[in-house]
Structures are given as structure tokens and as C-alpha cells.
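Asker: This structure is in C-alpha cells; I'll ask about it shortly.
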Amino acid sequence: MGSRLSGWLATTFFERQIRLNVAGFCVAEKRPMRENARTCLTREGIVPARFFSPEIRASWKRCFDTGLDPFGDPTQIQISVSQLNRRREKSDLVRRFAKMEMENLHRQIAGSNFIIIFADSDGVILDRVVDRSMATDNPGRTIPGFMWQEEINGTNALGMVAVTRRPAIVHGEEHYFRDHANLTCAAAPIFGKNGKLVGIVDATSDCPSRQRHTLALVGMSCITIENGLFRSPQRQPHP
């Protein structure tokens, strides 16, 4: 567990800020980089290395290869109540631990315009804890039942974790769709006793409210959930 957490903390805030600043504008052309990146992607089929980190560029490529238009709008897909209930029942044990950690995490960053999300291994939101202002600004797309897979909502932290099984941060214009460019999201995986992905915790905020330590807090919450699963005598259902 310790090695996983140290990996999450390896990228310093200073290094991260450099990437965010570079991602904002192309010095040579003095135009918003998101437009240049999208143009390059549609013309060449890849995002050049001068734009984003390798992880973000790989996600953009996956999204493009599934047929998503980088200049288009995301599709909002919500499963039915009965489907949501079945997914919640399947994830009952991890969900119980996750809900406790979501409340703890929210208390640590309360009043910071954050939404704390728990999703299953497929990237479907099962639960959330939300600041009132964020609930007003995002009335639909983060409620339980909405699907945040990359092939639906483009590059986003929750969707990236569902694919890569690794923690992720996606800030502002690193999102595939411009509709999400006002958000910053940090997400980390939860692994069960069998080593398989059993859930994802995500903290999403508007860009001005982002905090340097958010991913570390999310990562520690996931480790706490994993420890609870490891100690629990109840068997986890296979994902």
C-alpha cells in the first residue's frame, strides 16, 4: 500500500503547475492550446507531445479512436433506477466503506466547491457527496446513474482510472470535450482482495477551487477503503 501512495505523491505540485501552464497556451502560436490540440488530433490522429502529458495524450487518442468528435459535445447517459440498484447491490461491501470515506474526505475539503464521487469499476456513478454550489452548477451530469467512461464523456479522471487502473488528474483544457474545461478532477482506484478494480473515488471541482493536495487525499481514502475490505470477513462479489 505504501508504494502505491508514494507513487501518487511522486509528481510534485511544482512539476504539475508547469504542465498546467504549458497546457494553457501554445507559445509559438499564441492561441489556446486546446484548439490546436484538437486540430492536430483530427488532422493527424494523434496529439503531439508538445501539448499534454503522455497519459492525457493517450486518453485523447483512445477517445478519438472510438469515434468521439473533439469539437463536439459529450453524450449524457444515465442508467435506469433498477440498473443502478443492481450495480449498488453488486458493490454493496465496497460501497459501505466508500460512503464513510467520502464523508471524511468531504469534511477535509468542505466549502471548496467539490463533489466527491464513488463509481463502480465501469465508471458508473453510484454515490456522491456534494457542496451546494457545485450541485447547482452541475445539476445532472454527476448524479448517481450517470456513466463517465472515456468512450462517452471523453478524457476525465474517473474514466481514465476505469481504463488504466491508475490514479489520474485532469485539469481544465486537458478534458477532451470543451464542455468540461471548467472542471478539475482527481480520481484513484480501489482494489479488492483479489487485486481487481472494485471501485473509483473521484473529487471534482471547478478549476479555480482546485487544491494541490486533492489527489493525495483521494489516494489515502482509497487505501483506507482497501484496508477495510481486506479486514472484512464478508466476501466481495466479482466485478
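The values are calculated or read from the model by the stated rules, or taken from the named source; none is laboratory data. All values derive from a computational prediction rather than experimental measurement. Note that we place each Cβ from the backbone using ideal geometry, even for glycine, and neighbour counts take in every protein chain shown.
Asker: Being farther than 13 Å from C40 by Cα, over 16 Å from the mean Cα position of the chain (by Cα) and surrounded by 15 or more Cβ atoms within 10 Å (Cβ to Cβ) is the filter here, so list the residues in segment 58-72 that pass it. Break it down into steps so the answer makes sense when it comes.
Answerer: Residues of segment 58-72 that are farther than 13 Å from C40 by Cα, as a first pass: 58-59, 62-63, 65-68, 72.
Then drop every residue that is not over 16 Å from the mean Cα position of the chain (by Cα), which leaves 65-68, 72.
Scanning segment 58-72 gives a single hit, L68.
Asker: May I pose another question? Considering segment 174-183 alone, what residues qualify as being among the charged types (D, E, K, R) and either surrounded by 24 or more Cβ atoms within 10 Å (Cβ to Cβ) or part of a loop (DSSP other than H, G, I, E, B) (or both)? Step through it out loud before you land on a result.
Answerer: At the first step, the residues of segment 174-183 found to be among the charged types (D, E, K, R) are 174, 178-179.
Selection gives E174 alone.
Listed here are the residues, each with its yes/no results for (1) under 26 Å from I225 (Cα atoms); (2) hydroxyl-bearing (S, T, Y).
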| site | (1), (2) |
| --- | --- |
| D69 | no, no |
| I77 | no, no |
| S80 | no, yes |
| R87 | yes, no |
| D92 | yes, no |
| R96 | yes, no |
| E103 | yes, no |
| Q108 | yes, no |
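Asker: Just checking, does segment 159-181 include any residue being within 23 Å of C40 (Cβ to Cβ), among the aliphatic types (A, V, I, L, M) and modelled with pLDDT under 90? Reasoning before the result, please.
Answerer: Initial filter on segment 159-181 (within 23 Å of C40 (Cβ to Cβ)): 159-160, 163-164, 168-181.
Subset that is among the aliphatic types (A, V, I, L, M): 160, 163, 168-170, 181.
Cutting the leftovers down to modelled with pLDDT under 90 gives us 181.
Yes, segment 159-181 has at least one match.
Asker: Can you find, within segment 73-118, the residue that is nearest to V161 (Cα to Cα) among those that are among the hydroxyl-bearing types (S, T, Y) and surrounded by 12 or more Cβ atoms within 10 Å (Cβ to Cβ)? Steps first, answer last, please.
Answerer: Here is the first cut: in segment 73-118, the ones among the hydroxyl-bearing types (S, T, Y) are 75, 80, 82, 91, 112.
Going one step further and asking which of them are surrounded by 12 or more Cβ atoms within 10 Å (Cβ to Cβ), we end up with 75, 91, 112.
Numbers: T75: 19, S91: 17, S112: 23 Å.
Looking at the filtered set, the residue picked out is S91.
Asker: Next up: With the checklist (1) modelled with pLDDT of 85 or more; (2) within 20 Å of A216 (Cα to Cα) in hand, flag the one item T66 doesn't pass.
Answerer: Unmet for T66, out of (1) modelled with pLDDT of 85 or more; (2) within 20 Å of A216 (Cα to Cα): (2).
Asker: Does at least one position in segment 226-233 carry a residue that is of a type outside the set (D, E), modelled with pLDDT of 90 or more and at positive phi?
Answerer: Looking for residues that are of a type outside the set (D, E), modelled with pLDDT of 90 or more and at positive phi, one finds none in segment 226-233, hence no.
Asker: Among the residues of segment 70-95, how many are free of Cβ contacts under 8 Å to residues at least 40 places away in the same chain and of a type in the set (S, T, N, Q)?
Answerer: Result for segment 70-95: 2.
Asker: Now a separate question. When you go through (1) modelled with pLDDT under 90; (2) over 17 Å from A162 (Cα atoms); (3) over 18 Å from the mean Cα position of the chain (by Cα) one by one for H238, which number turns out not to apply?
Answerer: All conditions pass for H238, except number (2).
Asker: Scan segment 199-221 and tell me whether some residue there is in a loop (DSSP other than H, G, I, E, B), surrounded by fewer than 22 Cβ atoms within 10 Å (Cβ to Cβ) and at pLDDT 90 or above.
Answerer: no
Asker: Can you tell me which residue among L183, L229, L215, L158 is over 14 Å from the mean Cα position of the chain (by Cα) and hydrophobic (A, V, I, L, M, F, W, C)? Please lay out each step first, then the result.
Answerer: Working: L183 fails: over 14 Å from the mean Cα position of the chain (by Cα); L215 fails: over 14 Å from the mean Cα position of the chain (by Cα); L158 fails: over 14 Å from the mean Cα position of the chain (by Cα).
Criteria check complete, one pass: L229.
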